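The values are calculated or read from the model by the stated rules, or taken from the named source; none is laboratory data. Since the structure is predicted, the reported quantities are computational estimates derived from the model, not experimental observations. Glycine also receives a Cβ, built like all others from the backbone with ideal geometry; neighbour counts cover every protein chain displayed. What goes into the accessible areas is simple: the full protein's heavy atoms, side chains included, and nothing from ligands, DNA or RNA. Shrake-Rupley method; radii C 1.70, N 1.55, O 1.52, S 1.80 Å.
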Amino acid sequence: MTVRAVVRRGVRLGVTIGAWPAGIVGTLCLVAAFVFLSGGHDGTAWKLTAAGACAVLGSMAVGVALGTATGLALALAPRGLLARPPLRGLLAALTAGLPVAALCVAALTGDGYTLASYPPSIHFLTWSGTLTIALVAAARSGDIAGCRAHH
């Protein structure tokens, strides 16, 4: 097992992590752009298309960065830690989840706002997305690290 192979498997996880929100946001922006285009609002339609493209590219970039970091953390972790699934999963979850949590807090608290400034629905979406990313990374940590279960 080489570092390169583990990082490559981490990148594949990152592509999956980035593809889901990219697909959802991209589709929503394209549908909204079509609605505005059919209503004669060409400028708004093009702005929505550009915003959708930026969101898709940004989501994929964040996903690949998270996957790369998770793969690298697992590749450099001691073998004793990798042999214990709960510890391996915790390492993967923290590596993938903490940057997303920090990014969410930074985005929500910018411009003088506090976390209390937002409705519960924003917090639910933000933290459920972060938790989902962390849990997926933890669940896939054995595959990424190359630890196969022997049955």
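Yes/no matrix, rows are residues, columns are (1) open to solvent by less than 80 Å² (accessible area, probe 1.4 Å); (2) at pLDDT 90 or above:
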position	(1), (2)
G18	yes, yes
L30	no, no
F34	no, no
G43	yes, no
M60	yes, yes
L66	yes, yes
A69	yes, yes
L74	yes, yes
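In region 127-151, of all residues being among the hydrophobic types (A, V, I, L, M, F, W, C) and modelled with pLDDT under 90, the one that is surrounded by the fewest Cβ atoms within 10 Å (Cβ to Cβ) corresponds to A149.
The listed residues are A145, A102, A107, and the only one of them that is touching a residue at least 24 places away in the same chain (Cβ under 8 Å) and either among the aliphatic types (A, V, I, L, M) or on the phi < 0 side of the Ramachandran plot (or both) turns out to be A145. Of all residue pairs spaced 6 or more apart or on separate chains, those with beta-carbon atoms under 8 Å, a first member in region 1-27 that is under 14 Å from A92 (Cα atoms) and a second member that is of a type in the set (S, T, N, Q) and open to solvent by less than 10 Å² (accessible area, probe 1.4 Å) are G10/T70; L13/T70; G14/T70.
For region 84-100, the condition of being within 21 Å of R9 (Cα to Cα), under 13 Å from the mean Cα position of the chain (by Cα) and hydroxyl-bearing (S, T, Y) holds for at least one residue. The residues on offer are A83, A101, and the sole one that is among the small types (G, A, S) and closer than 20 Å to G63 by Cα is A101. Scoring V7 on the criteria (1) open to solvent by 50 Å² or more (accessible area, probe 1.4 Å); (2) on the phi < 0 side of the Ramachandran plot leaves a single failure, condition (1). Consider region 81-98 and keep the residues that are open to solvent by 50 Å² or more (accessible area, probe 1.4 Å) and not aliphatic (A, V, I, L, M). The one that is nearest to I122 (Cα to Cα) is P86. Considering only region 99-120, I want to know if a residue exists there that is open to solvent by 80 Å² or more (accessible area, probe 1.4 Å), at pLDDT 90 or above and farther than 29 Å from T2 by Cβ. No; the residues of region 99-120 include none that is open to solvent by 80 Å² or more (accessible area, probe 1.4 Å), at pLDDT 90 or above and farther than 29 Å from T2 by Cβ.
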